1. Per residue of the range 284-298, what does 6.51 cos²θ - 1.76 cosθ + 1.60 with θ = phi - 60° give for ³J(HN,Hα)? Whole Hz please, x for Gly and Pro, Karplus curve as stated.
2. Taking the Cβ of each residue in MET97, MET91 as the centre, tally the other Cβ atoms inside 10 Å and list the residues starting with the fewest.
3. If each of LYS271 and THR239 carries a label point 7 Å out from its Cα toward its Cβ, how far apart are those two points in nm?
4. How big is the Cα convex hull of the range 165-238 in projection, averaged over all directions, in nm²?
5. Give me the net charge of VAL193's neighbourhood, meaning all other residues with Cβ under 13 Å from the Cβ of VAL193; Lys, Arg count +1, Asp, Glu -1.
6. Taking the Cα centre of the range 37-341 as the origin and placing charges on Cβ (Lys, Arg +1; Asp, Glu -1), which of VAL146, ILE247, VAL172 is farthest toward the positive end of the dipole?
7. Which order results if LEU63, LEU105 are arranged by neighbouring Cβ count within 10 Å, fewest first?
8. Using the Cα centre as the reference, give the magnitude of the dipole from point charges on the C-beta atoms of the range 37-341 (Lys, Arg: +1; Asp, Glu: -1; all else neutral), rounded to the nearest 20 debye.
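Only the coordinates and a few stated rules stand behind these numbers; no lab work does. Note that this is a predicted model, so its numbers are computed, not measured. Here Cβ is always computed from backbone atoms with ideal geometry, including for glycine, and neighbour counts include all displayed protein chains.
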Amino acid sequence: MEFPTFPTTCIPGDPVSKISLHPDLTKNVNAPVIPEPTSTLAIFFKVLFYLIAFVLDIVGNSLVLLIIYLNKKMRTTTNVLILNLAVSDLMVGVFCMWVHVGNQLTSEWIFGDIVCKVNTFIQVLAVTSSVLTLTVISVERFMAIVFPFKAKWSPWVTGGIVIVDWLAAIAVAAPHLAVRHQHEQIWKDRHEVWCEEVWDKYYKDEKCTSYEPGKIIYYVIEATVMYFLPILIMIVAYTVISVRLLIRKAPGAVISATASAQERAKRKVIKMLVAVLVVFIVCWTPQQVILLWDLFRPKVRPPEYVRPLKYMALYIAYFNSAMNPILYGGFNENFRKGFSEAFRCLLIRRKNVIKPIGNNTAHRVPTGFSENDVPLTVTNGRTGTKPTTVNTLYTPDA
């Protein structure tokens with residue numbers, strides 16, 4: 001067999017020739033590396049952790065969609081954005097989690113070339129849309145609390161934002177359809193199959209050091225769109241919101257009980273905003289650090305401990321999708337009651353009617369709150385049924 005010859009000197013900027021062996025050429029040669037089989041204990045814990053994340057993701061986000069769909073009064077600007085977030089998070093659970101854990105349980109890629117391309121595309125699409133939606137929610141809350149007398153976003157504006165969100169996510173994810181490929185090599189003792197990215201390589205210097213400029217540019221942009229810019233926007237928005245809530249005082253004479261209740265509400269809002277931001281940073285920082293490290297590290301075989309670190313980083317990032325329904329709804333006690341009633345099928349009765357608590361249309365809504373941020377009464381149409389109080393889907397001001 002004749003082996004290709006390589007140049008001893010290279011011209012910086014020239015493309016590196018792509019040389020690949022036919023899969024059958026090595027069928028009489030033993031594989032240079034035989035991967036260690038995954039232990040039974042590791043399989044058990046990986047499946048268990050992903051099962052927890054999957055159930056929380058699917059059940060939590062499905063209930064969010066169900067509650068908004070069945071209650072027209074809850075289809076506010078913020079709730080539409082929460083619905084969009086729930087769709088993105090559901091895509092992570094439905095299309096990404098099982099592929100990731102399945103790929104960890106076997107040494108070979110078992111899902112085929114189509115899944116190799118489409119899975120990563122949907123993963124980046126869903127995660128990018130989710131992150132952008134979280135950012136838009138922080139901006140919407142900023143406008144509602146800091147500028148309470150400004151006109152709210154119209155349904156057309158909200159719909160346009162959702163469309164732009166998905167178009168931006170598609171643009172960020174689309175390159176994976178072109179660069180992801182399934183590869184296979186037949187060895188005497190192994191049929192090796194793997195899924196990886198293939199980017200155009202160019203010579204970096206006269207020593208024939210190669211690099212992938214397209215990959216570097218893409219992942220830098222992706223990290224900016226999916227992490228650094230959203231983090232900056234959310235930090236600024238939530239910081240200003242927190243300061244505004246701390247210094248704002250209710251107009252007129254306020255009795256001590258009312259003042260105390262308002263202070264407790266302020267602290268609750270600040271705690272939730274801080275929790276949202278901290279959980280987002282904690283969940284996504286490991287994945288972003290590993291992506292950037294993998295991009296700029298020396299091109300040598302990484303240590304064995306890197307593989308489990310990559311697994312844990314991506315798992316934690318995925319787990320953020322499972323936590324979003326808890327953070328954006330479960331922080332409020334009334335919303336937890338809504339979840340409880342959903343489990344008891346009270347929200348899917350045909351005669352449910354939703355209206356603001358009480359018949360007094362002149363009840364005061366605190367500054368920075370909207371009519372959609374106050375509790376609602378779910379009244380069953382049958383005579384004699386006791387009304388049940390449920391909160392709106394997303395009430396960060398309450």
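1. Running phi through 6.51 cos²θ - 1.76 cosθ + 1.60 with θ = phi - 60° gives 9, 4, x, 5, 5, 5, 5, 4, 6, 4, 5, 6, 10, 5, x Hz.
2. In increasing order of surrounding Cβ atoms, one gets MET91, MET97.
3. About 2.4 nm, to one decimal.
4. Approximately 8.6 nm², given one-decimal rounding.
5. Details: positive: ARG190; negative: GLU108, ASP113, GLU184, GLU192, GLU196.
So the environment of VAL193 carries a net charge of -4.
6. Going by the charge dipole, the pick is ILE247.
7. Sorted ascending by nearby Cβ count, the order is LEU105, LEU63.
8. Using only the charged Cβ atoms, the result is roughly 1440 debye.
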